[in-house]
Amino acid sequence: MADLQRWAHELGFSQIGVADIDLHSAEAGLLAWLQAGFHGSMHYMQSHGLKRARPAELVPGTLRVLSLRMDYLPQDSAPDWQTVEWQRLNDPQRAQVSLYARGRDYHKVLRARLQQLATRLSDAVGPFGYRVFTDSAPVLEVELAARSGIGWRGKHTLTLHRDVGSMFFLGEIYIDLPLPLSEPVTAHCGQCTACLDACPTGAIVAPYRVDARRCISYLTIEHEGAIPLELRSLIGNRLYGCDDCQLICPWNKFAQKSRLADFDARPAMASGDLLAFWSWDETQFLRQTEGSAMRRIGHARWQRNLAVVSGNALRQRDWPELRAVLQTLRPAASELLAEHLSWALAQAPARPTTSATPPATAAD
């Protein structure tokens with residue numbers, strides 16, 4: 001295990017643990033969540049059924065799961081990064097991108113390094129059966145992380161570690177080797193409900209239970225249709241994803257900066273310039289998001305999200321340049337985008353009509 005830890009560290013991971021594959025105690029919760037419809041339009045979650053909680057059915061022969069943590073807080077993050085992020089969320093000229101998505105696509109980063117780790121293990125012990133996962137298949141990664149000692153499931157359903165918070169990615173390697181199991185850690189959320197209270201849309205409907213249909217990350221990334229009217233104003237300036245439940249979490253004062261430059265923010269994403277984002281046609285969108293997790297939503301959903309952010313910006317201040325952009329785009333927009341543009345324009349406060357009586361001057 002010491003060699004595995006060393007190899008993982010050399011590849012940029014911060015922690016590794018070994019989990020058993022008996023997840024039967026998690027099956028009831030998974031079924032209840034699906035039956036409540038909390039997965040929204042993510043039908044793949046239901047189609048896989050309980051295979052998500054049965055690793056040996058997903059990958060026959062699996063005996064253990066290696067669970068790994070990779071921190072993603074950008075290397076140039078300020079000591080008070082949580083305060084900085086809250087300030088950005090209150091800036092109507094910004095279109096806020098979730099911290100994890102401002103750099104390189106984590107799927108690409110983790111998958112390649114998980115594969116390298118599996119290769120090193122194979123070189124040491126001989127050929128064995130394995131399969132790597134990075135949020136790419138029906139895997140109960142938080143449950144596995146909890147059982148492997150990576151952390152505990154927080155009330156926001158993310159994995160928490162008392163020494164590093166929750167600003168990290170998880171990756172798994174299903175293996176057919178009977179490695180010694182890691183010790184789980186105890187939970188330390190206590191009576192805290194900060195994440196539930198901070199959720200802008202009330203998506204954390206109860207401790208450890210999220211209704212994806214109300215979650216801003218789901219709405220801006222997974223959801224393909226119109227953003228529900230009653231939720232648009234609650235999205236604020238969140239263009240892609242949402243970090244609020246992590247920003248408010250007291251354990252994230254211990255969040256660790258990434259050991260890799262891959263997750264450093266790209267300049268455009270760091271600036272979050274709302275008007276500049278509107279200037280991206282599809283070609284530029286694809287160029288700017290190359291190698292980024294954001295590319296997966298496509299230009300149409302990108303513009304839909306921009307329209308919602310723009311409406312919320314116009315509600316806070318008169319912004320003639322932004323109104324002009326929306327008005328110019330609306331005639332040729334798709335039905336979906338046109339409806340969101342119209343909604344956004346309707347959020348602007350009514351401008352007073354010009355009075356025939358000139359305003360009083362100091363001389364008067």
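Miscellaneous remarks
- For the chain, averaging the sequence separation of C-alpha pairs within contact (under 8 Å, six or more residues apart) and dividing by the residue count gives a relative contact order of 22 percent.
- Of Ser217, Ser67, Ser122, the residue with the greatest mean-square motion in the GNM of the chain, using alpha carbon springs below 10 Å, is Ser122.
- For the residues Phe128, Phe285, Phe168, a GNM of the chain with alpha-carbon springs under 10 Å puts the largest fluctuation on Phe128.
- For segment 86-155 versus segment 189-206, the gap between their alpha-carbon centres in whole angstrom: 23
- Eligible aspartates and glutamates near Lys155 by straight Cα distance, threshold 15 Å, same-chain separation 8 or greater: Glu143, Asp197, Asp211, Asp243, Asp244
- Of Ser148, Ser233, Ser279, the one that fluctuates the most in a GNM where the chain has Cα springs shorter than 10 Å: Ser279
- Placing dummy labels 7 Å off each Cα toward the beta-carbon, the span from Gln115 to Gln35 is 4.1 nm.
- Looking at the chain alone, DSSP beta bridges between its own residues are antiparallel in about 90 percent of cases.
- Legend note: in the chain, cysteines whose Cβ sits 4.7 Å or more from every other cysteine Cβ are Cys189, Cys192, Cys199, Cys215, Cys242, Cys249.
- For segment 302-349 and segment 243-266, distance of Cα centres in Å: 31
- Sorting 18-27, 295-304 by average packing, meaning the other beta carbons within 10 Å per residue, from highest down gives 295-304, 18-27.
We did not get these values from a lab; they are worked out from the coordinates using the rules stated. Please read these numbers as outputs of a predicted model, since none were measured by experiment. Cβ: placed from backbone, ideal geometry, glycine included. Neighbour counts: every protein chain shown.
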